[in-house]
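The values are calculated or read from the model by the stated rules, or taken from the named source; none is laboratory data. Since the model is a prediction, treat every value here as computed from it, not as a measurement. Virtual Cβ from ideal backbone geometry, glycine too; neighbours counted across all protein chains shown.
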Amino acid sequence: MGLNYYGTSDIGKKLEVMEDAFTGFIVNDNVLFVCIADGLGAQKGTDVASYIAVEEFRKYMLANLKSDKIEDIEKEVKIALYMINRMIFNYQRISPELYGKFSSTFTAVAINLRKEILITHIGNSRFYLYRQGKLFQMTKDDTVAQQLLEKREIQENEYPMHPDRGVLIKFLGMPEVEPYITKGSLLTNDVVLLVTNGVYEMLTPDKIEQIIMNTETSQQACEWIIEGANEMGGIDNSAVVISYINF
């Protein structure tokens with residue numbers, strides 16, 4: 001089947017502004033990018049930081065990436081995110097009354113045909129890897145609660161309901177931000193899954209695991225995940241992107 005993805009999103013049951021965004025695109029027929037972002041600070045009728053982040057990232061990569069080597073992808077990803085961060089930060093400076101809290105999370109995975117990957121992450125959207133029936137969280141949340149967890153000041157079972165689990169310490173829209181970037185490799189039949197917190201705060205990893213296990217396409221899996229998040233309350237926007245590694 002080759003490089004592939006499917007994504008979808010939903011405003012949820014409680015909010016009036018949609019601030020989750022996603023994209024997927026293939027560069028030069030040999031590198032797939034899947035990206036997800038969760039914005040903050042948008043008001044009705046204004047720009048949305050997450051949409052800016054994913055669209056500017058897509059445009060930059062399509063225009064500038066010339067190689068499928070992970071080292072070259074990493075170089076271009078760093079440049080793109082530096083520029084996007086400055087762009088979002090400048091919204092705050094130019095119009096603080098409209099864009100005072102304008103910011104976004106950003107998580108992306110680049111995959112080449114050798115099944116090598118580059119993971120890029122800022123904030124608390126997540127990359128999960130589904131492998132041989134198990135779901136593994138591959139990114140750490142950039143939150144105050146995660147810091148407390150790492151200092152062993154709270155227990156792991158306290159994290160999902162901790163009041164600081166949504167307080168970000170890194171995001172696009174800071175004066176300067178250093179993304180978490182790491183490399184890895186995939187296996188045939190792996191599933192790459194990106195979600196915003198509107199998904200994982202509603203659905204446990206076990207539930208997401210069951211959905212992937214019991215669906216036959218990435219579209220069906222994405223739709224079931226969004227439906228599940230809404231059935232559990234849909235208290236936030238939700239977005240999901242899935243890529244099947246079936247090549």
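The set of residues in region 133-160 being touching a residue at least 40 places away in the same chain (Cβ under 8 Å) and over 15 Å from the mean Cα position of the chain (by Cα) consists of Gly133, Lys134, Leu135, Pro160. Among the candidates Phe127, Phe57, the residue that is buried (at least 21 other Cβ atoms within 10 Å of the Cβ), among the hydrophobic types (A, V, I, L, M, F, W, C) and over 22 Å from Asp29 (Cβ atoms) is uniquely Phe127. Condition test on Leu98, is it over 29 Å from Leu203 (Cα atoms) and at pLDDT 95 or above? So Leu98 does not fit the description; no. Within region 171-208, the set of residues being surrounded by fewer than 19 Cβ atoms within 10 Å (Cβ to Cβ) and within 14 Å of the chain's Cα centre (by Cα) comprises Tyr180, Ile181.
Taken over region 72-111, the criterion of being surrounded by 14 or more Cβ atoms within 10 Å (Cβ to Cβ), under 19 Å from Val17 (Cβ atoms) and among the small types (Gly, Ala, Ser) is satisfied by Ser103, Ser104.
Among residues of region 173-192 that are closer than 28 Å to Ile94 by Cα, those with a beta-carbon under 6 Å from a residue that is modelled with pLDDT under 95 at least six positions away or on a different chain give the pairs Gly173/Phe102.
When the test is whether a residue is β-branched (Val, Ile, Thr), outside any helix (DSSP H, G or I) and at pLDDT 95 or above, Val77 does not pass it.
Every condition in (1) at pLDDT 95 or above; (2) buried (at least 20 other Cβ atoms within 10 Å of the Cβ); (3) not in a helix (DSSP H, G or I) is met by Ala42 except one, and the failing one is (1). Among the helices (runs of 4 or more DSSP H) confined to region 119-233, the ones with at least 3 residues that are in contact with a helix residue (DSSP H, G or I) (Cβ under 6 Å, 6 or more places away or on another chain) and at pLDDT 95 or above are located at 218-231.
Restricting region 11-39 to residues that are assigned to a loop (DSSP other than H, G, I, E, B) and more than 18 Å from the chain's Cα centre (by Cα) leaves a set whose member that is surrounded by the fewest Cβ atoms within 10 Å (Cβ to Cβ) is Glu16. Is it the case that some residue within region 51-69 is touching a residue at least 12 places away in the same chain (Cβ under 8 Å) and assigned to a strand (DSSP E or B)? No - not one qualifying residue is present in region 51-69.
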